[in-house]
Structure formats: structure tokens, C-alpha cells
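Undergrad: Here's a structure for you.
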Amino acid sequence: MHYMSTPLSIRFDPAILDRLRRRARAIPGSTPSGLAQRLVDEGLRLAEHPGIIFKDGPTGRRAALALGPDVWEVVKAARETDERGETAVSALGALLSLSPGRVRAALRYYGAYPDEIDAELAMADEESRAAEEAWRVERRLLA
């Protein structure tokens, strides 16, 4: 979802601005302005959602638990459990080897950014369907 941007004048320390420009050049399609906006957004999300980090991967940047699974993986497991309430939190913690607090951190992040996480879930589901179909084709060819 893109919104119309509003200009904001920021004065950067020259060393920080140099680092920002170098980093933007290292990321294909990135600009210093776009990178600064992404970093500010992620920084605010980190402050608002303790325990959440951002990781790069084949599908781009995504929210994850520090030293743990991606948020979408916790949400997927939550959708698949038959448990509810605190029993669900405990069951998810046991299944994913996470403390109840970490499970709640992932679920709170999902509550704040459901469209983002739902898109990641849809992408993961599509990749899973494609992998299963490729496996079926291979089985038929080798039968």
C-alpha cells in the first residue's frame, strides 16, 4: 500500500549520510531517500514491537522473532491449531520452541500489520502448492 509522501527536511551527520548513500548504492533499485524511509519505518516498528526484527530473504524483508521464526510462520501455526486462548499460546510455544511472550509478540505484530503478514502467508502457500505439484509431476514421470 503506497501513500502520497509528505516532505520532511532532515539534517544528517555527514558520516551517516555517507553510509546511507553507500548502502543505497549496494541495494539494487534503492535510493538514499527510500532506504532512509524504510529504516525509519522499521526502527519505529522495532520500538513498538519489542522482540521483532527484520530479516532479508528470497522473498524480501520480513518481520521475524529475534533468533526465531518469521511472524508469518507463527501466524500460520496459530491458524492451524485447534486450541484457543492461553491454551493456544502454550501449544504454539511448545510446537515452535518459543516462550508464551514471544508467541504473543508475533501475534501482536500480526495484529498491527495483518495485510503484510497475510501477503507473506499467501506467498508461502503458493510456493508450497507449486513444490507439491512439481513433486507430483516428478513422481508421474518416474513411475
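Undergrad: Please give the number of the condition Ile53 fails out of (1) of a type in the set (Val, Ile, Thr); (2) modelled with pLDDT of 95 or more; (3) in a helix (DSSP H, G or I).
TA: Single failed check for Ile53: (3).
Undergrad: I've got another one for you. Does the stretch 7-20 hold any residues that are of a type in the set (A, V, I, L, M) and surrounded by 10 or more Cβ atoms within 10 Å (Cβ to Cβ), and which are they?
TA: Ile16, Leu17, Leu20, listed by residue number.
Undergrad: OK, next. Here is a list of conditions, (1) at positive phi; (2) at pLDDT 95 or above, and Tyr110 meets all of them except one; can you say which number that is?
TA: (1)
Undergrad: Step by step: first the residues of the stretch 120-143, then only those that are part of a helix (DSSP H, G or I) and among the small types (Gly, Ala, Ser), then the one that is surrounded by the most Cβ atoms within 10 Å (Cβ to Cβ). Which residue is that? Outline the logic, then answer.
TA: Narrowing the stretch 120-143 to residues part of a helix (DSSP H, G or I): 120-142.
Okay, now just the ones that are also among the small types (Gly, Ala, Ser), so 122, 124, 128, 130-131, 134.
On the way: Ala122: 11, Ala124: 15, Ser128: 10, Ala130: 10, Ala131: 10, Ala134: 10.
Applying the filter and picking the extreme gives Ala124.
Residues are listed down the side, and each one gets a yes or a no for (1) at pLDDT 90 or above; (2) under 20 Å from Tyr113 (Cβ atoms); (3) crowded, with 16+ Cβ neighbours inside 10 Å; (4) under 17 Å from the mean Cα position of the chain (by Cα):
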{"site": "His2", "(1), (2), (3), (4)": "no, yes, no, no"}
{"site": "Ser5", "(1), (2), (3), (4)": "no, yes, no, no"}
{"site": "Arg22", "(1), (2), (3), (4)": "yes, no, no, no"}
{"site": "Val40", "(1), (2), (3), (4)": "yes, yes, no, yes"}
{"site": "Arg62", "(1), (2), (3), (4)": "yes, yes, yes, yes"}
{"site": "Ala66", "(1), (2), (3), (4)": "yes, yes, no, yes"}
{"site": "Asp70", "(1), (2), (3), (4)": "yes, yes, yes, yes"}
{"site": "Glu73", "(1), (2), (3), (4)": "yes, yes, yes, yes"}
{"site": "Ser90", "(1), (2), (3), (4)": "yes, no, no, no"}
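Undergrad: When you scan the stretch 67-115, how many residues do you find that are in contact with an Asp or Glu (Cβ under 7 Å, 6 or more places away or on another chain) and more than 13 Å from Ile52 (Cα to Cα)?
TA: Matching residues across the stretch 67-115 total 1.
Undergrad: Say we look at the stretch 92-118 and pick out the residues that are more than 13 Å from Asp70 (Cα to Cα) and among the aliphatic types (A, V, I, L, M); which of these is surrounded by the fewest Cβ atoms within 10 Å (Cβ to Cβ)?
TA: The qualifying residue surrounded by the fewest Cβ atoms within 10 Å (Cβ to Cβ) is Ala94.
Undergrad: Continuing with the same structure: Quick one: in the stretch 116-143, of everything that is over 23 Å from Phe54 (Cα atoms) and among the hydrophobic types (A, V, I, L, M, F, W, C), which residue is modelled with the lowest pLDDT?
TA: Looking at residues that are over 23 Å from Phe54 (Cα atoms) and among the hydrophobic types (A, V, I, L, M, F, W, C), I get Ala143.
Undergrad: So, one more: Report, by residue number, each residue of the stretch 42-53 that is surrounded by 11 or more Cβ atoms within 10 Å (Cβ to Cβ) and within 24 Å of Ala15 (Cα to Cα).
TA: Of everything in the stretch 42-53, those that are surrounded by 11 or more Cβ atoms within 10 Å (Cβ to Cβ) and within 24 Å of Ala15 (Cα to Cα) turn out to be Glu42, Gly43, Leu46.
Undergrad: Let me ask another. Suppose we filter the stretch 75-88 for residues that are under 17 Å from Leu121 (Cβ atoms) and surrounded by 12 or more Cβ atoms within 10 Å (Cβ to Cβ); how many remain? Break it down stepwise before answering.
TA: Quick first cut of the stretch 75-88, residues under 17 Å from Leu121 (Cβ atoms) only: 75-81.
With the extra rule that they be surrounded by 12 or more Cβ atoms within 10 Å (Cβ to Cβ), the set shrinks to 75-78, 81.
Qualifying residue count for the region: 5.
Undergrad: Something else: What is the residue count in the stretch 75-86 for residues that are more than 19 Å from the chain's Cα centre (by Cα) and in contact (Cβ under 8 Å) with a residue 24 or more places away in the chain?
TA: 0
Undergrad: So which of Asp115, Asp18, Asp41 is touching a residue at least 60 places away in the same chain (Cβ under 8 Å) and assigned to a helix (DSSP H, G or I)?
TA: Testing whether each residue is touching a residue at least 60 places away in the same chain (Cβ under 8 Å) and assigned to a helix (DSSP H, G or I) leaves just Asp115.
The values are calculated or read from the model by the stated rules, or taken from the named source; none is laboratory data. Predicted model only: the values in this text are computed from it and were never measured. Glycine also receives a Cβ, built like all others from the backbone with ideal geometry; neighbour counts cover every protein chain displayed.
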